[in-house]
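Undergrad: One structure, as structure tokens, below. Some questions next.
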Amino acid sequence: MQDPVREAPAVSAPLDTQRSLEEARLALAEALRARPVPLQPLPERAAAQRPEVWSAGLSLLGALLALPAAAGLLVPALRAGSVVHGLSFAVYGFGMVAMFLASALFHSRAGEERGWLKNLDYCAIALMIAGTITPYCTIALGGTLGACALAGVWLAALAAIVLRLARPALPKWVLISFFLAMGWIGGMVVLPSAGVLGRAGVALTLLGGLVYSVGTVVFNRNEDDVEPPGFGAHEVWHLFILGGAASHYLAILLFLAPA
């Protein structure tokens, strides 16, 4: 039989090791409190500490142009006494102004408030897409098919808004791809509307969709929104947005507005 006295050191050894680890942990914690390690901000957080002047300016330009552009559609609709035209253009104009204004607000701010403004920015994009497709559904297409297309695009816009608000941490390419799909699915309305739009109207509409699509490729190159100050890929994206919006506006003004 082994002597119990000889077994005592073997029992106490783990206790000594545990005590030493605890002392080391406390010493490390005390050292960290005494000399805190400076944490470098994440690139996207660092970028959020300054307004994006070029992006804000281009978006503000879009908002300022969208206001008289919307009026240019509403005035002839009211003169013609067309409720369908008036409501359709009001929805389209609201979406157009909302998108550019929300973008201008978001890019002109810095710090924590950018969080909810970014949500507003993405939600306004959904409104712009659905608003742009609305006149094509109600005026160019009409009937049951137009009503179904209108309901579908607005349900998709609502889904995009809910997705953004419920999952704001999703990578931006997910929602942008959703927007792009919304636009091109809505663009299918153009094909059966060719008799109303004519070749030029169809060409302008498809051109606007193409400009938006190319701009989206540029936009997704900068996945983390991290760029040096100045005019970069994100600002080029805003130029594409202005171009796509202008192309669609001309198609609606020239071929869907009452004479």
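Residue-wise test of (1) under 21 Å from the mean Cα position of the chain (by Cα); (2) over 26 Å from LEU60 (Cβ atoms).
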{"position": "ALA151", "(1), (2)": "no, yes"}
{"position": "ALA157", "(1), (2)": "yes, no"}
{"position": "ILE185", "(1), (2)": "yes, yes"}
{"position": "LEU197", "(1), (2)": "no, yes"}
{"position": "GLY208", "(1), (2)": "yes, no"}
{"position": "HIS248", "(1), (2)": "yes, no"}
{"position": "LEU253", "(1), (2)": "no, no"}
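For every residue, the table says whether it meets (1) surrounded by fewer than 24 Cβ atoms within 10 Å (Cβ to Cβ); (2) of a type in the set (A, V, I, L, M, F, W, C).
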| position | (1), (2) |
| --- | --- |
| MET96 | no, yes |
| PHE100 | no, yes |
| GLU112 | yes, no |
| GLY115 | yes, no |
| ASN119 | yes, no |
| ALA126 | no, yes |
| GLY131 | no, no |
| GLY143 | yes, no |
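Undergrad: Among (1) touching a residue at least 24 places away in the same chain (Cβ under 8 Å); (2) over 18 Å from the mean Cα position of the chain (by Cα), where does LEU191 come up short?
TA: With respect to (1) touching a residue at least 24 places away in the same chain (Cβ under 8 Å); (2) over 18 Å from the mean Cα position of the chain (by Cα), LEU191 is out only on (1).
Read-outs throughout are calculated quantities, based only on the coordinates presented, and are distinct from any laboratory measurement. Predicted model, so just to flag it, every value in this text is computed and none were measured. No Cβ is skipped: glycine too gets one built from the backbone with ideal geometry, and neighbour counts run over all protein chains shown.
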